[in-house]
1. When the residues of region 60-84 are filtered to those that are surrounded by fewer than 12 Cβ atoms within 10 Å (Cβ to Cβ) and among the small types (Gly, Ala, Ser), which remaining residue is farthest from Arg15 (Cα to Cα)?
2. Evaluate the following for Gly40: is it assigned by TED's automatic domain parsing to the domain that holds Phe4, part of a helix (DSSP H, G or I) and either hydroxyl-bearing (Ser, Thr, Tyr) or free of Cβ contacts under 8 Å to residues at least 60 places away in the same chain (or both)?
3. Read through the list (1) surrounded by 16 or more Cβ atoms within 10 Å (Cβ to Cβ); (2) at pLDDT below 95; (3) touching a Leu at 6+ places or on another chain (Cβ under 8 Å); (4) not polar (S, T, N, Q), then give the number of the only condition that Gly48 fails.
4. Could you list all residues from region 3-59 that are closer than 17 Å to Leu76 by Cβ and small (Gly, Ala, Ser)?
5. Return the pairs, sorted by first residue and then second, in which the second residue is assigned to a helix (DSSP H, G or I) and of a type in the set (S, T, N, Q), the first residue lies in region 2-30 and is in the same structural domain as Ile41 (by TED's automatic domain parsing) and surrounded by fewer than 19 Cβ atoms within 10 Å (Cβ to Cβ), the beta carbons are less than 9 Å apart, and the residues are 6+ apart or on different chains.
6. Given the criterion at pLDDT 95 or above, among the aliphatic types (A, V, I, L, M), part of a helix (DSSP H, G or I) and surrounded by 10 or more Cβ atoms within 10 Å (Cβ to Cβ), identify the matching residue among Ala57, Ala87, Ala99.
7. Enumerate the pairs (first residue in region 66-85 and within 11 Å of Leu55 (Cβ to Cβ); second residue anywhere and hydroxyl-bearing (Ser, Thr, Tyr)) with beta-carbon separation below 8 Å, excluding pairs fewer than 6 apart on the same chain, so at least 6 apart or on different chains.
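The values are calculated or read from the model by the stated rules, or taken from the named source; none is laboratory data. Everything numeric here is computed off the predicted structure, so don't read it as measured data. FYI the Cβ positions are ideal-geometry reconstructions off the backbone, even for glycines, and counts take in every protein chain you see.
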Amino acid sequence: GAIFGLMGALVVAGRRLRYDVTQVLVLLGINVVIGFLAPGIDWRAHLGGLVTGALVAAILVHAPRKSRTFIQVAGLGGVLLILVAVAMLRTSQIQELLAPLGVITT
């Protein structure tokens, strides 16, 4: 997911700077196909990384100059809160699945 996050950020920042991001999009497309076809690769982690990286880059590069610091801090804080909430939700789901097996106790 981390590499996809970097690619998502590169696409957003590159487009903002008017760079040609075609090669990154091609590489991203190839890796998406591999992620769906290869067994044992979790496409959800890649998708989450891609969306998070693109969102963070968008917050950083598209914040209006007048209130840039506030927008960036608030936006990144919001992303952090969402990531913590998703991690907590997923952890509780995993605990519920494993508790009947005696692997962990809640």
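1. Looking only at region 60-84, we keep the residues that are surrounded by fewer than 12 Cβ atoms within 10 Å (Cβ to Cβ), and these are 64-67, 69-70, 77, 80-81, 84.
Checking the rest, the ones that are also among the small types (Gly, Ala, Ser) come to 67, 77.
On the way: Ser67: 22, Gly77: 24 Å.
Selected residue: Gly77.
2. Numbers: assigned by TED's automatic domain parsing to the domain that holds Phe4: yes; part of a helix (DSSP H, G or I): no; either hydroxyl-bearing (Ser, Thr, Tyr) or free of Cβ contacts under 8 Å to residues at least 60 places away in the same chain (or both): yes.
Criteria not met by Gly40.
3. (3)
4. So in region 3-59, the residues closer than 17 Å to Leu76 by Cβ come out as 5-6, 8-9, 12-13, 16, 48-49, 51-59.
Of everything in region 3-59, those that are closer than 17 Å to Leu76 by Cβ and small (Gly, Ala, Ser) turn out to be Gly5, Gly8, Ala9, Ala13, Gly48, Gly49, Gly53, Ala54, Ala57, Ala58.
5. What qualifies is Ile3/Asn31.
6. On the way: Ala87 fails: at pLDDT 95 or above; Ala99 fails: at pLDDT 95 or above.
On inspection, the qualifying residue turns out to be Ala57.
7. From region 66-85, the pairs are Val79/Thr52; Leu83/Thr52.
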